[in-house]
1. Which condition number in (1) within 14 Å of the chain's Cα centre (by Cα); (2) farther than 21 Å from GLN39 by Cβ is the one that ASP89 fails?
2. Considering only residues that are within 17 Å of VAL5 (Cβ to Cβ) and assigned to a loop (DSSP other than H, G, I, E, B), look in the range 75-115 and name the one that is most open to solvent (accessible area, probe 1.4 Å).
3. Can you tell me which residue in the range 54-74 is most open to solvent (accessible area, probe 1.4 Å), limited to those that are touching a residue at least 24 places away in the same chain (Cβ under 8 Å) and more than 21 Å from GLY10 (Cβ to Cβ)?
4. Evaluate the range 80-99: report whether one residue or more is within 24 Å of SER30 (Cβ to Cβ) and among the acidic types (Asp, Glu).
5. Among the numbered criteria (1) in contact with a Leu (Cβ under 9 Å, 6 or more places away or on another chain); (2) at pLDDT below 95; (3) among the polar types (S, T, N, Q), which one does SER30 miss?
6. Sort out which residues of the range 8-36 are more than 17 Å from LEU85 (Cβ to Cβ) and either basic (Lys, Arg) or within 15 Å of the chain's Cα centre (by Cα) (or both), and write them in order of number.
Amino acid sequence: QVQLVESGGGLVQPGGSLRLSCAASGRAFSSYGMNWFRQAPGKQRELVATIASAGRTDYADSVKGRFTISRDNAKNTVYLQMNSLKPEDTAVYYCHAVWGLNSYWGQGTQVTVSS
C-alpha cells in the first residue's frame, strides 16, 4: 500500500512559478512510475508529466518547456516545478503512482493562476 500526499499548491500570478511535492509512504518507491495529472473544472483529468523508475520523463505538449518533473528516491518524493504559469494551468493537481497492476492517487492540491 502506498499513500501519496501532495503539497505546494496555491495562488500565483500569470508568469509565476510553483513547485509541487508529492511525498510517498510505503516501500519500493524507486520502482514506481510517478505521474502528475490535473483536472480543471468541467474538464477531464489529464496527464501532465511522467517520470519512470529509471528516470525517463515525458510531458504533455501544453506544458513542455515550462514544467519539469523530478524525483528523489532517497526522500520518497516526486516534484513538479512549474514555471511561466498561465491561467489555463489552473486545476487540481494529482500525484499518481503505478507499478504493475498497482495504482495509487493522492488527494490533490489546488493551483490557481490569476492576477
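The values are calculated or read from the model by the stated rules, or taken from the named source; none is laboratory data. Quantities reported herein were computed from a predicted structural model and do not represent experimental measurements. Using ideal geometry, Cβ is built from the backbone for each residue, glycine included, and neighbour counts are taken over all protein chains shown. Side chains are part of the model used for accessible areas, which takes the heavy atoms of the whole protein and leaves out ligands, DNA and RNA. Shrake-Rupley method; radii C 1.70, N 1.55, O 1.52, S 1.80 Å.
1. (2)
2. So the residue we want is LYS75.
3. ASN73
4. no
5. (1)
6. Our first condition is that a residue be more than 17 Å from LEU85 (Cβ to Cβ); within the range 8-36, this holds for 22-35.
CYS22, ALA23, ALA24, ARG27, TYR32, GLY33, MET34, ASN35 - these are the residues of the range 8-36 that are more than 17 Å from LEU85 (Cβ to Cβ) and either basic (Lys, Arg) or within 15 Å of the chain's Cα centre (by Cα) (or both).
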